[in-house]
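Visitor: Dropping a structure here in structure tokens format, bear with me for questions.
Bear in mind that the values in this text are calculations on the coordinates, not laboratory data. As the structure is a computational prediction, the values presented were derived from the model and not from experiment. Glycine gets a Cβ as well: all are built from the backbone with ideal geometry, and neighbour counts include every protein chain shown.
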Amino acid sequence: MKKIGLFYGANTVKTAAIAKKIQEVFGDSKTDLVPVEHAWEKEFEQYDHLIVGTATWFDGELPTYWDEMIPELKSLNLKGKKVAIFGLGDQVNYPDNFVDGIALLAEAFEFAGASIVGLTSPEGYTFAQSRALKEGTLLGLAIDDDTQPDKTDERIKNWVSQLKKEGFSAK
């Protein structure tokens, strides 16, 4: 049976709320919520698939809990694992580094051998630049709950459906 670990920052209220919505939409009791502040190497390695979420702080930085974990993430052996990333950002007030946190996590997980899945279109967003935008595609699900809260639920629903098509299943 495949297991899915959904890692999120419990100390960032909006990220935690989005993680819980993703778990609900997934509708799968085998999707475990794991606060990253308490995660260790074995938690990342015990799951077949990972969903990880972060906010982007200030001018494109990761919150402290993820930033401090990057060296450990890069040392893991995640070869053969799929990682899907969601990120929160504000495209109006921070248009030059919208959801940069997605890219920072993608780089670390790819370094550890994981495959990044759950790529999305930048259509419907308005921002100047983002490290998460590679070859015209976002490296994960971008959530702007500050200026587009009315689109959040639909974006989550579509993304979870996409992840299931890409093999994310605990069955």
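Visitor: Any of Lys79/Lys151; Lys82/Lys134; Lys14/Lys79; Lys30/Lys157 with alpha carbons more than 28 Å apart? Name them for me.
Guide: On the way: Lys79/Lys151 34 Å; Lys82/Lys134 18 Å; Lys14/Lys79 30 Å; Lys30/Lys157 18 Å.
Too far apart for the 28 Å limit: Lys79/Lys151; Lys14/Lys79.
Visitor: What's the exposure ranking of Phe98, Phe58, going from fewest to most Cβ atoms within 10 Å?
Guide: Starting with the residue having the fewest Cβ neighbours, the order is Phe58, Phe98.
Visitor: Ok, one more. How high is the relative contact order of the range 4-165, in percent, counting Cα pairs under 8 Å that sit 6 or more residues apart?
Guide: About 21 percent, as a whole number.
Visitor: Provide the descending list of Cα extents for the range 77-171 along its principal axes, expressed in whole angstroms.
Guide: In descending order, the Cα extents are 37, 27, 19 Å.
Visitor: To continue, here is another question. For Ser115 and Gln129, calculate 0.36 nm times their separation in residues minus their Cα-Cα distance, and state this gained length in nm to one decimal.
Guide: 2.7 nm
Visitor: Counting Lys and Arg as +1 and Asp and Glu as -1, each charge on the Cβ, what is the dipole of the chain about the Cα centre in debye, to the nearest 20?
Guide: Approximately 900 debye in magnitude.
Visitor: While we're here: Find how much the distance from Ile70 to Ser161 grows on full extension, using 0.36 nm per residue of separation minus their present alpha carbon separation; answer in nm with one decimal.
Guide: Numbers: separation 91, 0.36 × 91 = 32.76 nm, distance 2.85 nm.
In short, 29.9 nm is gained.
Visitor: Taking H placed 1.01 Å from N in the peptide plane, check which residues at least 5 places from Leu141 or on another chain put their amide H under 5 Å from its amide H.
Guide: Ile85, Phe86, Gly87
Visitor: Based solely on its DSSP helices, what 222 nm [θ] is calculated for the chain when runs of n ≥ 4 H residues each add -39,500 (n - 2.57) and the sum is averaged over all residues, nearest 500 deg cm²/dmol?
Guide: -10000 deg cm²/dmol
Visitor: A follow-up question, please. So I have (i) -0.51, -0.95; (ii) -0.65, -0.96; (iii) -0.46, -0.86, and one of them is log10 I(q)/I(0) by the Debye sum over Cα atoms at q = 0.12, 0.16 Å⁻¹ calculated from this model. Which one is it?
Guide: Matching entry in (i) -0.51, -0.95; (ii) -0.65, -0.96; (iii) -0.46, -0.86: (iii).
Visitor: If you plug each phi of the range 73-86 into the Karplus form 6.51 cos²θ - 1.76 cosθ + 1.60 with θ = phi - 60°, what whole-Hz ³J(HN,Hα) values come out, in order, with x for Gly and Pro?
Guide: 4, 5, 8, 6, 9, 10, 4, x, 9, 9, 10, 10, 10, 10
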